[in-house]
Amino acid sequence: MELAVGGGMRRSASHTSLSESDDFELTRLLSKPRINVERQRSFDDRSLSDVSHSGGYGRGGAFDGMYSPGGGLRSLVGTPASSALHSFEPHPIVGDAWEALRRSLVFFRGQPLGTVAAVDHASEEVLNYDQVFVRDFVPSALAFLMNGEPDIVRNFLLKTLLLQGWEKKVDRFKLGEGAMPASFKVMHDAKKGVETLHADFGESAIGRVAPVDSGFWWIILLRAYTKSTGDLTLAETPECQKGMRLILSLCLSEGFDTFPTLLCADGCCMIDRRMGVYGYPIEIQALFFMSLRCALQMLKHDNEGKEFVEKIATRLHALSYHMRSYFWLDFQQLNDIYRYKTEEYSHTAVNKFNVIPDSIPDWLFDFMPCQGGFFIGNVSPARMDFRWFALGNMIAILSSLATPEQSSAIMDLIEERWEELIGEMPLKICYPAIENHEWRIVTGCDPKNTRWSYHNGGSWPVLLWLLTAACIKTGRPQIARRAIDLAERRLLKDGWPEYYDGKLGRYVGKQARKFQTWSIAGYLVAKMMLEDPSHLGMISLEEDRAMLKPVLKRSASWTN
């Protein structure tokens, strides 16, 4: 069934639309033969040191062992193929979830192209929830890949790649060539009988901020598609190779920054409103790290790709050291910061960012368990944002930005602080909420980000798939099972809300859309991964042994 998504939106002021003449390239790419190949060695096993060997990348080496045993089987009853494989009795809401997910499908000239953000017929305000968002589509794409339906993901990857090539302007200012759109919309012209795509690169967004994370998610999804299907041809096309290089050009350009992390504005990621995450937010750094590792596996080692491969390898070494050293917080590290001296100068300084110990918030001393730790929200001169951000920490585990010890400590923290981070509905997007005068200053009195709501301590069901993936990778599936059980009690009954409010996530969000697509897809992905853990290979990267590991005291060595 085709979902009509036209009407109700202004035309973009930029030239970001896709017309019929652009379909020639898409048709050419879609007509290329696909191959499923099983090889001897997984590229996940390769070290960064391999980049010095000329044959390490490109055809014949870049996608070794890509085929995921969980993919390639399509269910005939609309439920996860893995359920049939492993004889799991599906939960009664699984069928409803698949029906709701398929209702969200968007078609472009007869082909499925993505899923809209929400199909909430009860809401009078459409806003941009009738668009296909790059970040929102990722869990939908994973659900379709796990169910043996890769064509929609392939279509999505190719169309967004074509949109990337359009000129992008916001208030007469031209964006970087490699920027990916935040979202796009299918426009129907009934008189002419044609359909076109219109993309939003931030010129229509609240706050007019371009999405930094879209390009990262695109690279990560391209790897997931290749890993699931064994189709090496898509990532190896000149178009996809160029698309990755353009994204990387934006991130790896040289400048004045002394840190390997990526400087960002507020509102550039899932937290798309002002929430005090400007600077070096953990979500962006973790996605940056993961996309670099994915690109390192998929870039050809040819004349154009070789330079990027070398830049990526250098950046990954520096980024992993920086994040593991300065963003990591456990009991011992907190105690060390508490005792910091200030105004230290020279290379021997311990307090390198001149963080004032009095800036440590009171809640943190009670929140930090003796066993457990996490990557804090932000680090910059004289500033540490000690808040917990779920997406960044889960991606840190999946990308192996976190060491095995740190990954285990993050899981320890979740178990120790279950009521605060999970509560009655998984999963807190950040903790704790900011309120009162701090809320006024940090959010600009944002009426949507009030305490324990939306991005300010709200609970987001979509994060369930990331939690489940992290649990499986760290050998803690019981945590995921417990969280999924909580979600299944409410999600269908409440109409698949976008988010929940309250300290425990007890209340449906005050402005939450119903039938939020990524809430639906996130649940399905979590269920399918738990039933068939081989699906984890689509979205997980093993630790690279060549990365330097700083000598830090870890919470794992502490006992109560």
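Of note:
- Any hit, the stretch 511-530, residues being surrounded by fewer than 22 Cβ atoms within 10 Å (Cβ to Cβ) and more than 29 Å from Leu292 (Cα to Cα): yes
- Elements of the type helices (runs of 4 or more DSSP H) sitting completely within the stretch 143-254 and holding at least 1 residues that are open to solvent by less than 20 Å² (accessible area, probe 1.4 Å) and in contact with a Lys or Arg (Cβ under 6 Å, 6 or more places away or on another chain): these cover 213-229, 238-252.
- Filtered residues of the stretch 278-303 (kept if in a loop (DSSP other than H, G, I, E, B) and either open to solvent by 10 Å² or more (accessible area, probe 1.4 Å) or at pLDDT below 95 (or both)): Tyr278, Tyr280, Lys300, His301, Asp302
- Every residue from the stretch 250-294 that is under 16 Å from Ala313 (Cα atoms) and of a type outside the set (A, V, I, L, M, F, W, C): Ser253, Glu254, Pro260, Thr261, Gln285, Ser291, Arg293
- A Cβ distance below 7 Å, combined with a sequence gap of six or more or placement on separate chains, defines the contacts here; from the stretch 401-416, residues that are under 26 Å from Leu316 (Cα atoms) reach residues that are of a type in the set (Val, Ile, Thr) in the pairs Ala402/Ile410; Ser407/Ile397; Ser407/Thr474; Ser408/Thr474; Ile410/Ile397; Met411/Thr474; Met411/Ile479.
- In the set (1) buried (at least 21 other Cβ atoms within 10 Å of the Cβ); (2) part of a loop (DSSP other than H, G, I, E, B), the condition left unmet by Pro447 is number (1).
- Checking Tyr321, Tyr338 one by one, the residue that is surrounded by fewer than 18 Cβ atoms within 10 Å (Cβ to Cβ) and touching a residue at least 40 places away in the same chain (Cβ under 8 Å) is Tyr321 and no other.
- Options Arg109, Arg74; residue that is of a type in the set (Lys, Arg) and either modelled with pLDDT under 85 or surrounded by 20 or more Cβ atoms within 10 Å (Cβ to Cβ) (or both): Arg74
Results for (1) over 17 Å from the mean Cα position of the chain (by Cα); (2) buried (at least 18 other Cβ atoms within 10 Å of the Cβ); (3) of a type in the set (A, V, I, L, M, F, W, C), shown as yes or no for each residue.
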| residue | (1), (2), (3) |
| --- | --- |
| Gly457 | yes, yes, no |
| Pro461 | no, yes, no |
| Ala469 | no, yes, yes |
| Lys473 | no, yes, no |
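The values are calculated or read from the model by the stated rules, or taken from the named source; none is laboratory data. Everything numeric here is computed off the predicted structure, so don't read it as measured data. Counting neighbours? That spans all protein chains shown, and the Cβs are built from the backbone with ideal geometry, glycine included. For the accessible areas, the whole protein counts, side chains as well, though only heavy atoms, and no ligand, DNA or RNA atoms are used. Shrake-Rupley method; radii C 1.70, N 1.55, O 1.52, S 1.80 Å.
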